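Reviewing the structure listed below.
The values are calculated or read from the model by the stated rules, or taken from the named source; none is laboratory data. A quick note: this is a predicted structure, and the numbers were derived from the prediction, not measured. In this analysis, Cβ positions are derived from the backbone assuming ideal geometry, glycine residues included, and neighbour counts consider all displayed protein chains. We work out accessible area using only protein heavy atoms, side chains counted, and drop any ligands, DNA or RNA first. Shrake-Rupley method; radii C 1.70, N 1.55, O 1.52, S 1.80 Å.
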Amino acid sequence: MEQVQSDLNGPMDWTDMMNLFVGKGRVKRAAIYDLKGKCLAASEDPNIPQDEIISIVRCLNEKYVVLNKPIFALFFEEERYVCFHATPNTIVGRTVSDFFVAYRCDDFVIIAFADIIVNPKFSCIGEVWTFGSEIRSRMEISAFIG
């Protein structure tokens with residue numbers, strides 16, 4: 001497993017980073033996948049088949065059109081999520097009770113699930129984007145340090 005440099009206690013692996021992200025309590029569960037659908041780390045068993053991850057990657061690779069945001073559906077286990085592109089690198093999907101955010105950050109995809117609640121103090125999309133930036137920074141530092 002690839003390791004990235006930790007600010008506090010030496011090397012930190014993908015799982016440590018995932019546990020810190022979910023430990024904030026703003027998302028229920030999350031996972032990081034490579035672009036071929038392989039799970040690099042997860043807060044718990046994500047129960048998302050590899051072909052669904054590949055579908056998400058394909059959707060993220062499609063041309064993003066600002067004024068024409070087609071709605072589509074993805075299935076995770078037996079749950080049907082109605083989805084749309086929020087940005088060229090972000091897909092949001094929802095059911096009646098929860099939603100997910102899929103964010104492509106360089107060569108990996110972060111997927112986070114949260115309950116549908118209105119909390120003006122944070123944005124799940126913002127949390128995922130911030131987490132992606134943290135990972136990218138740690139990878140750059142790790143590559144620089146060697």
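Tabulated results
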quantity	calculated
Odd one out for Ile48, checked against (1) open to solvent by less than 50 Å² (accessible area, probe 1.4 Å); (2) at pLDDT 85 or above	(2)
Per-region count, the stretch 23-33, residues within 11 Å of the chain's Cα centre (by Cα) and of a type outside the set (Gly, Ala, Ser)	4
Long-range neighbours under 8 Å by Cβ, at least six apart or interchain, first residue assigned to a helix (DSSP H, G or I) within the stretch 121-146, second open to solvent by 60 Å² or more (accessible area, probe 1.4 Å) and at pLDDT below 75	Arg138/Gln5; Ile141/Gln5; Ser142/Gln3; Ser142/Gln5; Ile145/Gln5
Test for Ile32: is it closer than 15 Å to Ile135 by Cβ, at pLDDT 85 or above, open to solvent by less than 20 Å² (accessible area, probe 1.4 Å) and assigned to a strand (DSSP E or B)	yes
Residue within the stretch 81-99 that is open to solvent by less than 40 Å² (accessible area, probe 1.4 Å), of a type outside the set (Asp, Glu) and at pLDDT below 80 present	no
Whichever residue in the stretch 51-78 is open to solvent by 90 Å² or more (accessible area, probe 1.4 Å) and at pLDDT 85 or above and, among such residues, is farthest from Gly132 (Cα to Cα)	Asp51
Top-ranked residue in the stretch 100-116 [being modelled with pLDDT of 90 or more and open to solvent by 10 Å² or more (accessible area, probe 1.4 Å); ranked as nearest to the chain's Cα centre (by Cα)]	Tyr103
